[in-house]
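Below is one structure, written out as structure tokens, with a few remarks after it.
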């Protein structure tokens, strides 16, 4: 692709450059949107895991035995 030998060479290069810049900006915006969505999902998943962990710990037999033993003294 030799653009400089044709009369439209520099204009064509400028158009292609603008197209590439626009495409890169669109891809960047899409990437940012997906990363934010991923962060929201990871935060929600962590919150849900924390809730499950708290429920499991609260219903743990060891925890109940310890509380029963310590409160009976």
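The values are calculated or read from the model by the stated rules, or taken from the named source; none is laboratory data. Here the structure is a predicted model, which is why all the values come from computation and not from measurement. Using ideal geometry, Cβ is built from the backbone for each residue, glycine included, and neighbour counts are taken over all protein chains shown.
Only one of these is modelled with pLDDT under 90 and part of a helix (DSSP H, G or I): 34, 67, 41. Name it.
Values: 34 fails: modelled with pLDDT under 90; 41 fails: modelled with pLDDT under 90.
Just one listed residue meets the conditions, 67.
Name the one entry in 21, 12 that is more than 19 Å from the chain's Cα centre (by Cα), at pLDDT 95 or above and surrounded by 10 or more Cβ atoms within 10 Å (Cβ to Cβ). Before the answer, list the steps.
Working: 12 fails: at pLDDT 95 or above.
From the options 21, 12, the qualifying one is 21.
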